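K.L.:
Let me give you the structure first, and then I'll get to my questions.
The values are calculated or read from the model by the stated rules, or taken from the named source; none is laboratory data. As the structure is a prediction and not an experimental result, all values here were calculated from the model. Cβ atoms come from the backbone with ideal geometry, glycine included; neighbour counts cover every protein chain shown. For accessibility, only protein heavy atoms count, side chains too; no ligands or nucleic acids. Shrake-Rupley method; radii C 1.70, N 1.55, O 1.52, S 1.80 Å.
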Amino acid sequence: VTFAASTIIAQAFSMVELSAPSSFGDDSDQARDATLHYDSAIDMCLEWTDWSFASRMVTLPAASLPSGTAADPRLPYVYALPGDCVMLRELTDPAVRYRLDEGYLRADAPAPLGVRYTRRVQDESRLPATFRAAVALQLAVLMAPRWLGVETKRVSLTNALDELRRRSSKSDARTASPAPYGEAQLTDWVSEALR
């Protein structure tokens, strides 16, 4: 993405009261700072919740551990997570025990292993408007210590980010049924009250 085409960059720099640089290749301090934080801001926002637009299900084949890495007899099967995985959300079989170690998933079930994860999405045109605004705020918060000298402005950005995070997560949660996958439909009043 170019800075000129990025609504996220434009919004973030507006929030820190600066003009946006023209491109990632611009030799300015602002461009270097934006380049440093841009990918992190997107990933941080993707980690917040189980976004519908970034959710992906795949079946993982077995993998091998790097030389010198010990096997775990309790979790003997090893899988490599996809390269675009930002956050593992669930295994399709809830009975499987697992642990993440250095980019590998160790499990007690053989391949193939179904997983659902939040994938990295960097094409801004594929991001919902509320999410783009959240990324812009996150980017502004990351850049604020360098560019905003007034503490109250930095606190205001952080508070706005927290509020937008709550609203956008709540809005996106309406794209799935209220019960977790595989949960029996309970009809007693306690389970209804807890929804």
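K.L.:
Report, in whole Å, the centroid distance computed from the Cα atoms of the stretch 26-78 and the stretch 131-171.
P.N.:
Here the answer is 22 Å between Cα centres.
K.L.:
Can I ask one more? Name the residues whose placed amide hydrogens come within less than 5 Å of the amide hydrogen of Asp101, ignoring near sequence neighbours (fewer than 5 apart) on the same chain.
P.N.:
Sorted by chain and number, the residues that satisfy this are Arg106.
K.L.:
Moving to a separate point now. Using all Cα-Cα distances in the stretch 75-130, what percent lands in each 5 angstrom bin from 0 up to the longest?
P.N.:
Pairs per bin, as whole percents: 4, 17, 28, 21, 11, 8, 8, 4, 1.
K.L.:
Is the shape of the stretch 98-160 best called rounded, prolate or oblate, per the rule: a/c under 1.5 gives rounded, else a/b larger than b/c gives prolate, else oblate, with a ≥ b ≥ c the square roots of the Cα gyration tensor eigenvalues?
P.N.:
It is prolate, given that a/c is not under 1.5 and a/b is the larger ratio.
K.L.:
Based on the alpha-carbon gyration tensor of the stretch 72-176 and its eigenvalue square roots a ≥ b ≥ c, which shape applies: rounded if a/c is under 1.5, prolate if not and a/b is larger than b/c, or oblate?
P.N.:
Details: a/c = 2.85, a/b = 2.16, b/c = 1.32.
Prolate, because a/c is 1.5 or more and a/b exceeds b/c.
K.L.:
For the full complex of protein chains and a 1.4 angstrom probe, list Met143, Met87, Met57 by accessible area with the highest value first.
P.N.:
Descending accessible area places them as Met57, Met87, Met143.
K.L.:
Taking all pairs of distinct Cα atoms, average 1/r, flip it, and tell me the Kirkwood hydrodynamic radius of the stretch 18-110 in Å to one decimal place.
P.N.:
16.2 Å
K.L.:
To continue, here is another question. How about the stretch 101-152: which GluC sites (Glu not before Pro) there are in a DSSP loop, with at most 14 other Cβ atoms within 10 Å of their Cβ?
P.N.:
Those that pass, being in a loop and sparsely packed, are Glu102.
K.L.:
Moving to a separate point now. Long-range amide H contacts for Gly114: which residues qualify at under 5 Å (H placed 1.01 Å from N, peptide plane, sequence gap of 5 or more or a different chain)?
P.N.:
HN-HN under 5 Å from Gly114: Leu60, Thr92, Asp93.
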